[in-house]
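First the structure, in the form of structure tokens, and then the observations on it.
The values are calculated or read from the model by the stated rules, or taken from the named source; none is laboratory data. Being a predicted model, the structure only gives us computed values, none of them experimental. Quick reminder, even Gly has a Cβ in these numbers, built from the backbone with ideal geometry, and neighbours come from all protein chains shown. Each accessible area value is taken on the protein alone, full model and side chains, heavy atoms only, with ligands, DNA and RNA left out. Shrake-Rupley method; radii C 1.70, N 1.55, O 1.52, S 1.80 Å.
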Amino acid sequence: MYMKLFNKVTDMIEELIEVQRLVEDIYLESSESEQIWLESGQEFSKTIDIAKWAKDRYNRNVEDSQGDPGKEFAFMYQIVKKEHLNPTVGKMVVEAPLIAKKAEPGQFIIFRAKEDSERIPLTIADYDREAGTITIIYQIVGAGTMELDSLNEGECIHDFVGPLGTASHLDGLKKVAVVGGGVGCAIAYPVAKKLHELGAEVHAIVGFRNKDLVILEDEFKAVSDKLCMMTDDGSYGEKGVVTAALEKLINDGNQYDEVIAIGPLIMMKFVCQLTKKYNIKTVVSMNPIMIDGTGMCGGCRLTVGGETKFACVDGPDFDGHLVDFDEAMHRGTMYRDFEQHAREAECNLLKKEVK
Amino acid sequence: MAFQRNMDLKKCPMPSQDPNVRNHNFDEVALGYTYDMAVSEARRCLNCKNKPCVSACPVAIDIPAFIERVTNEDMEGAFEIISRSSSLPAVCGRVCPQENQCEGKCVRGIKGEPVGIGRLERFVADWHREHSKEAPKMPVQNGHKVAIIGAGPSGLTAAGDLAKMGYKVTVFEALHLAGGVLVYGIPEFRLPKAIVQQEIDNLKAIGVDIETNMVIGKILTIDELFEMGYEAIFVGSGAGLPRFMGIPGESLKGVYSANEYLTRINLMKAYRPDSHTPIKHSKNVAVVGGGNVAMDAARCAKRMGAENVYIVYRRGMEELPARKEEVEHAMEEGIIFKTLTNPVEVLGDADGMVRGMKCVEMELGEPDASGRRRPIVKEGSEFELECDTMIMSIGTSPNPLIRSTTPGLDANKHGCIITEEETGLTSRKGVYAGGDAVTGAATVILAIGAGKQAAKAIDEYIKSK
């Protein structure tokens with residue numbers, strides 16, 4: 001009996017020695033700044049030294065790239081996962097730990113797919129603070145989003161800045177209708193999710209042109225108490241527009257603290273016209289043309305309640321009943337011809353069919 | 001005296017591209033003095049005792065001393081003297097408003113033209129860049145960390161000075177490229193971006209880390225930077241949101257802020273045919289405002305192919321706040337000055353595009369608080385100016401991101417961060433600020449001066465801790 005116990009203990013000691021050896025190996029392989037985290041055991045936010053972290057990543061990348069020029073700089077925003085939600089909408093999970101730590105629903109990032117690409121704002125579709133990732137959902141509309149879409153898992157986005165803009169104010173809401181249209185659902189989803197987490201009753205109304213374009217259905221189901229799926233042609237869910245579904249819910253006696261509408265400008269405009277009739281506060285998320293996104297260029301200005309506001313710092317969320325939608329729609333078409341042209345050029349370049 | 005003093009009443013003229021060639025390209029306008037021109041111009045300096053030029057320089061460069069080195073053809077020595085006071089001489093030689101500073105006080109200017117101090121500064125800096133083989137030396141580290149917010153002129157200056165003192169400096173820049181207004185604002189033809197890049201590379205060589213795509217106030221706050229071990233922070237976040245006039249029609253398509261127009265062209269390279277960032281190619285462009293930014297925007301518009309470019313300014317030619325040289329260059333390039341004119345409405349067509357603007361003529365009345373004569377509307381003077389693009393260049397208000405996310409950081413009613421004049425210290429311990437974030441839109445050299453002062457104050461603060 002005693003010998004048996006003695007052998008058991010010896011085995012365990014041997015196993016522990018093996019574990020210790022493994023830990024030491026991991027420690028030796030790790031970077032300098034990772035070692036600091038390992039040693040101090042402190043919280044990430046207290047000890048992270050970006051400069052050092054970036055430099056370690058850079059050095060590792062230089063080793064990994066093995067003389068492949070340009071690779072060594074691609075150390076920041078690696079695409080961890082990429083998938084297509086429908087033929088023109090893609091989803092990417094991007095490694096950006098500092099942004100992931102701070103991101104809130106309603107905020108956005110600006111990316112440049114490659115050096116010399118355009119700066120394009122995209123609302124954050126999801127974030128994972130633990131994994132240090134940001135999820136973006138994009139519709140392929142022009143050269144910039146095409147370039148983004150040409151990047152694959154493991155590759156890096158050249159620039160990725162955020163979190164920009166002010167977060168949606170969701171605290172204290174008890175019952176909310178979240179209205180999403182098309183790719184706008186990608187922005188509506190994190191809002192619905194956060195509201196659900198905060199314990200609010202969420203009614204989600206999502207609209208798409210047809211069945212093939214439907215995205216995030218399961219995700220919405222998981223975070224809403226009621227989901228109305230609408231398609232323009234009736235090929236999925238109910239046939240009709242989101243405003244019809246919203247009006248029906250209101251007429252059924254649902255009293256909403258707030259309606260949050262995110263989608264094409266024309267959809268948001270009609271949702272606001274409807275809710276104004278019923279006097280329900282409505283928040284919309286504006287997505288105007290933008291360059292720097294930090295309050296410098298003034299390109300993203302819009303008129304809200306007769307005042308000039310800047311979507312990048314004052315928004316992107318605004319009181320829908322005060323937004324001048326017609327003006328915003330006009331301004332959004334400023335570069336339509338250029339975009340069209342650039343998209344065709346990019347399609348030729350990539351030998352793809354213009355969609 | 002070892003040399004013959006040059007008593008020519010006029011400055012040695014600056015070789016520059018022909019106006020009708022350069023207004024179609026983005027290459028640098030002024031080509032710079034040759035070696036002989038620089039030596040000859042330097043010999044115009046009287047090396048006078050009371051040196052009024054030095055007192056008129058925001059960073060007090062020992063001007064007669066560096067010019068004397070040039071006369072002795074000791075260019076490296078001249079550079080050494082300038083770089084004691086200014087961290088970005090190649091930039092300042094090109095963009096400083098010398099006529100209101102050093103050259104404005106030059107004794108030679110009393111009778112004839114002042115010494116071309118700016119041109120000489122530029123020559124010395126360029127000569128050093130082209131001839132110096134010496135790699136910048138890595139300073140001995142003192143183990144203290146300082147964070148700089150914004151990689152514009154004030155931030156880069158503070159970073160350079162602190163790094164030379166041995167501090168570990170990290171510069172956080174919101175855009176994807178360091179340089180601030182030097183890269184997004186001032187156009188290539190006035191300040192080649194390769195020069196800015198060289199200055200930034202020099203900073204990196206002495207150990208300054210530049211982290212782009214970092215919007216402080218959003219991704220990290222000032223307080224988090226302190227938690228990360230930075231002992232002092234310099235805020236040089238620059239000018240922010242553009243101002244508009246608040247007249248009808250400013251949201252029409254074709255109305256740009258100068259910031260947007262210049263950022264598209266300079267930072268995003270929209271002037272190149274292969275750029276992915278669009279810009280409107282217009283026929284008639286009206287730029288509202290009379291400062292350097294307005295001149296830059298107007299001259300860019302001309303280079304983008306516009307037939308008629310107007311500067312619309314509510315005061316007279318005398319009152320234009322832009323550098324004299326920029327106004328002269330703009331006129332040479334065919335920019336039309338509509339002074340004593342003020343827009344009252346932007347007119348649009350059925351598609352919501354700008355088609356013109358309604359203006360009134362102005363006349364000058366009594367001087368106002370700023371000492372400039374107040375413009376008054378002339379009765380019944382309304383007229384329409386045809387244009388398809390309008391660029392608003394009437395100033396900016398400081399960027400709100402830092403002050404709105406930093407508790408205890410005081411700002412005035414315009415949103416400018418309040419600082420102690422001598423040190424740049426803000427209402428928060430260990431937080432310093434300078435440049436446009438403090439002054440509102442001003443000049444590169446004032447920002448450099450503020451960066452230098454703050455670097456000195458930060459050094460004293462950390463040493464006294």
Note to self: Can you go through A:281, A:276 and tell me which one is surrounded by fewer than 20 Cβ atoms within 10 Å (Cβ to Cβ), in contact (Cβ under 8 Å) with a residue 12 or more places away in the chain and either in contact with an Asp or Glu (Cβ under 6 Å, 6 or more places away or on another chain) or within 13 Å of chain B (Cβ to nearest Cβ) (or both)?
What the structure shows: A:281
Item checked: Hits in the stretch A:251-264 - residues which are at negative phi and surrounded by fewer than 18 Cβ atoms within 10 Å (Cβ to Cβ) -> A:251, A:252, A:254, A:255, A:257, A:264
Check: Within the stretch B:252-267, can you find the residues that are at the interface with another protein chain (Cβ under 7 Å from one of its Cβ atoms) and touching a residue at least 40 places away in the same chain (Cβ under 8 Å)?
Finding: B:253, B:257, B:259, B:263
Item checked: Hits in the stretch B:372-392 - residues which are in contact (Cβ under 8 Å) with a residue 40 or more places away in the chain and either open to solvent by less than 90 Å² (accessible area, probe 1.4 Å) or farther than 17 Å from residue B:352 by Cα (or both) -> B:372, B:373, B:375, B:385, B:387, B:388, B:389, B:390, B:391, B:392
Checklist line | For residue A:112: the one exception among (1) over 23 Å from residue A:86 (Cα atoms); (2) touching a His at 6+ places or on another chain (Cβ under 8 Å) | finding: (1)
Margin query: All but one of (1) of a type outside the set (Gly, Ala, Ser); (2) open to solvent by 10 Å² or more (accessible area, probe 1.4 Å); (3) touching a His at 6+ places or on another chain (Cβ under 8 Å) hold for residue A:161; state the number of the condition that does not hold.
Written below: (2)
Next item on the list: Scan the stretch B:254-267 for residues that are open to solvent by 10 Å² or more (accessible area, probe 1.4 Å) and in a strand (DSSP E or B) and report the count.
Entry: 0
Checklist line | Single unsatisfied condition, residue B:73 versus (1) of a type outside the set (Gly, Ala, Ser); (2) part of a helix (DSSP H, G or I); (3) surrounded by fewer than 20 Cβ atoms within 10 Å (Cβ to Cβ) | finding: (2)
Check: Out of all the residues in the stretch A:283-330, which are in a helix (DSSP H, G or I) and within 27 Å of residue A:192 (Cβ to Cβ)?
Finding: A:311, A:312, A:313, A:314, A:325, A:328, A:329
Next item on the list: Tell me which residues, restricted to the stretch A:125-150, are open to solvent by less than 10 Å² (accessible area, probe 1.4 Å), in a loop (DSSP other than H, G, I, E, B) and in contact (Cβ under 8 Å) with a residue 40 or more places away in the chain.
Entry: A:142
Checklist line | Criterion (crowded, with 16+ Cβ neighbours inside 10 Å and farther than 28 Å from residue B:266 by Cβ) met by exactly one of B:96, B:45, B:92 | finding: B:45
Check: Restricting attention to the stretch B:268-305, and to residues there that are outside any loop (DSSP other than H, G, I, E, B) and open to solvent by 10 Å² or more (accessible area, probe 1.4 Å), which single residue is farthest from the other protein chains (Cβ to nearest Cβ)?
Finding: B:302
Next item on the list: Identify, by number, the condition in (1) within 14 Å of chain A (Cβ to nearest Cβ); (2) in a strand (DSSP E or B); (3) open to solvent by 50 Å² or more (accessible area, probe 1.4 Å) that residue B:358 doesn't meet.
Entry: (1)
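Conditions (1) assigned to a strand (DSSP E or B); (2) under 23 Å from residue B:321 (Cα atoms); (3) open to solvent by 40 Å² or more (accessible area, probe 1.4 Å), marked per residue:
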{"position": "B:363", "(1), (2), (3)": "yes, yes, yes"}
{"position": "B:370", "(1), (2), (3)": "no, yes, yes"}
{"position": "B:400", "(1), (2), (3)": "no, no, no"}
{"position": "B:421", "(1), (2), (3)": "no, no, yes"}
{"position": "B:429", "(1), (2), (3)": "no, no, yes"}
{"position": "B:456", "(1), (2), (3)": "no, no, yes"}
Margin query: Suppose we filter B:109, B:104 for residues that are surrounded by fewer than 24 Cβ atoms within 10 Å (Cβ to Cβ), small (Gly, Ala, Ser), under 20 Å from residue B:43 (Cα atoms) and without any contact (Cβ under 8 Å) to a residue 12 or more places away in the chain; which single one remains?
Written below: B:109
Check: Wholly within the stretch B:114-195, which helices (runs of 4 or more DSSP H) include no fewer than the required count, namely at least 1 residues that are among the small types (Gly, Ala, Ser)?
Finding: B:117-131, B:153-164
Notebook entry, point to check: What residue, among those in the stretch A:99-118 that are open to solvent by 10 Å² or more (accessible area, probe 1.4 Å), over 9 Å from the mean Cα position of the chain (by Cα) and touching a residue at least 12 places away in the same chain (Cβ under 8 Å), is farthest from the other protein chains (Cβ to nearest Cβ)?
Noted result: A:104
Item checked: Failed item, numbered, when residue A:308 is tested on (1) touching a strand residue (DSSP E or B) at 6+ places or on another chain (Cβ under 7 Å); (2) open to solvent by 20 Å² or more (accessible area, probe 1.4 Å); (3) more than 11 Å from chain B (Cβ to nearest Cβ) -> (3)
Item checked: Every residue from the stretch B:325-336 that is in contact with a Gly (Cβ under 9 Å, 6 or more places away or on another chain) and either of a type in the set (A, V, I, L, M, F, W, C) or more than 30 Å from residue B:93 (Cα to Cα) (or both) -> B:327
Notebook entry, point to check: Is there a residue in the stretch B:165-185 that is more than 14 Å from chain A (Cβ to nearest Cβ) and over 27 Å from residue B:322 (Cα atoms)?
Noted result: yes
Note to self: Can you confirm whether residue B:53 is assigned to a loop (DSSP other than H, G, I, E, B) and at negative phi?
What the structure shows: no
